Amino acid sequence: MMSVFGSPATYVQGKNVLFDSASYITRMGRKALLLAGSTAYKIAGQKYVDYLKDNDVNVEYVPFNGESSVGEIDRVTEIGKEFGADLVIGLGGGKALDSAKAIADNLHVKVAILPTLASTDAPCSRLSVLYTDEGTFSAYRFYAQNPDLVLVDTKIIANAPVRMLTSGIADALATNVEAQAVARGAGSTMLGAKQTMVGNAIASKCEETLFAYGTQAVASVDNHAASKALEKIVEANTLMSGVGFESGGLAAAHAIHNGLTALNGPIHDLTHGEKVAFGTLTQLYLEGADQERFDKFLKFDLELGLPTTFADLKIPDVSDEELMQVGQLSTAPNDTMVQMPFTVEASDVVEAMKGVDAYSRYYQAHHVNK
């Protein structure tokens, strides 16, 4: 099997770059369908529509309904056809951006991805995560190429909720853990190919950057400061993690996140990254990571307020039967658990999750605030 490396055609990051983007947009199209959720539209979308119109771009704004489902994607695709869009612009968080990629693929036009959060590694990839209308993981949708443009305005990121940044750090923190598991098993990446050394190296650099600058960046966003540390973390969350997970591969951490969507209740109030954080700890437990390595991730998660116990996941009284549902969904043959370098059964996932919950409670009782 061949090795493949994927990346967006152009990646732009910096303060106030959103309103200096006309030259990038107009070379791709002049009739733009802009997909954005209500919050993203209030923060930047309305002003951005005016900016594009001032630069001779015809814009059709379509409100995003909140779920990257087939129904939502088909709905907006029809609007794009009627409008005659030659470009799709996704503005907002991960699900809006994943939907924009799918809509552009349906319309056979270029796509520009403009995150208003550094909360996931979705922007740079050539895939979308699809969910049912109820929010349960459904499937991955793959494309022939990565987005034509990813443009990240760090001034907007600095003014977003700090929870979204920590969620992005959590999502990115899985990148190297999963990529190294894929490497050990000589598995396949999300591009259906073998790893390149470049993809693996980026995944490793991503983890290094997160541990080096994550806490500083979170403090910056707490004060709405677009600091140097934030610039580094935005690149790690968005570009390094996006390229690293795709060209490095996914394994247990994201499969467990997908498994958690089988549960009902307030767990669905958690972000993608918050659930991935627990998935990463569970993967480390599955691998039998030594205490020093596990503690490094656990301590970092605790510093950032990420979930490390069942109580944090809002499932304090979860039953073994419910955990088995998580285990069964996360080990489904179409998910990425198959890229682990050893066979993982549903029962293995259950035991590892229970192990993480128990050890985190033990660790906090003996180390936190002592």
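The set of residues from region 74-105 being open to solvent by less than 20 Å² (accessible area, probe 1.4 Å), of a type in the set (G, A, S) and under 22 Å from the mean Cα position of the chain (by Cα) comprises G90, G92, G94, A96, S99, A100, A102, A104. Looking only at residues of region 309-324 that are touching a helix residue (DSSP H, G or I) at 6+ places or on another chain (Cβ under 8 Å) and in a helix (DSSP H, G or I), we find that the one that is most open to solvent (accessible area, probe 1.4 Å) is D320.
In region 330-370, the qualifying residues are those that are in contact (Cβ under 8 Å) with a residue 24 or more places away in the chain and of a type in the set (D, E), and the one that is surrounded by the fewest Cβ atoms within 10 Å (Cβ to Cβ) is D348.
May I ask you to verify whether G214 is closer than 21 Å to G6 by Cα and out of contact with any strand residue (DSSP E or B) (no Cβ under 7 Å at 6 or more places or on another chain)? Taking the combined requirement at face value, the residue does not satisfy it.
Here is the figure for region 39-58: residues that are buried (at least 21 other Cβ atoms within 10 Å of the Cβ) and in a strand (DSSP E or B) total 0. From the list L191, L210, the one residue that fits, being within 17 Å of the chain's Cα centre (by Cα), not in a helix (DSSP H, G or I) and not small (G, A, S), is L191. Quick test of your reading of the structure: S23 fulfils all but one of (1) under 19 Å from D148 (Cα atoms); (2) within 26 Å of the chain's Cα centre (by Cα); (3) modelled with pLDDT of 95 or more. Name the failing condition by number. The one condition S23 does not meet is (2). The number of residues in region 191-209 being crowded, with 20+ Cβ neighbours inside 10 Å and either among the small types (G, A, S) or in contact with a strand residue (DSSP E or B) (Cβ under 6 Å, 6 or more places away or on another chain) (or both) comes to 2.
Going by the structure shown, is L306 crowded, with 24+ Cβ neighbours inside 10 Å, within 22 Å of R163 (Cα to Cα) and of a type outside the set (K, R)? Yes; evaluated as a whole, the condition is true for this residue.
Can you give me the number of residues within region 258-293 that are within 19 Å of A96 (Cβ to Cβ), in a helix (DSSP H, G or I) and in contact (Cβ under 8 Å) with a residue 40 or more places away in the chain? The total comes to 6.
Report whether or not A179 is more than 15 Å from A118 (Cα to Cα) and open to solvent by 40 Å² or more (accessible area, probe 1.4 Å). So A179 does not fit the description; no. Only a single item in (1) touching a helix residue (DSSP H, G or I) at 6+ places or on another chain (Cβ under 9 Å); (2) of a type outside the set (A, V, I, L, M); (3) in contact (Cβ under 8 Å) with a residue 24 or more places away in the chain is not met by G71, and it is number (1).
Is one or more of the residues making up region 16-34 buried (at least 17 other Cβ atoms within 10 Å of the Cβ) and acidic (D, E)? Looking through region 16-34, none of the residues is buried (at least 17 other Cβ atoms within 10 Å of the Cβ) and acidic (D, E). The residues in region 221-246 that are closer than 16 Å to G305 by Cα and open to solvent by less than 40 Å² (accessible area, probe 1.4 Å) can be counted, and the count is 1. Residue check, R141 against (1) at negative phi; (2) under 17 Å from the mean Cα position of the chain (by Cα); (3) not in a strand (DSSP E or B), all met but one. Which one? All conditions pass for R141, except number (3).
Take the conditions (1) modelled with pLDDT of 95 or more; (2) assigned to a loop (DSSP other than H, G, I, E, B); (3) surrounded by fewer than 20 Cβ atoms within 10 Å (Cβ to Cβ); (4) not β-branched (V, I, T); P147 misses just one of them, which is (3). Residue-level analysis places G71 outside the set of residues that are small (G, A, S), within 26 Å of H224 (Cβ to Cβ) and under 24 Å from the mean Cα position of the chain (by Cα).
The values are calculated or read from the model by the stated rules, or taken from the named source; none is laboratory data. Just so it is clear, the structure is predicted and the values come from calculations on it, not from any experiment. Glycine gets a Cβ as well: all are built from the backbone with ideal geometry, and neighbour counts include every protein chain shown. Remember, those area values only see protein heavy atoms, side chains included, never the ligands or the DNA or RNA. Shrake-Rupley method; radii C 1.70, N 1.55, O 1.52, S 1.80 Å.
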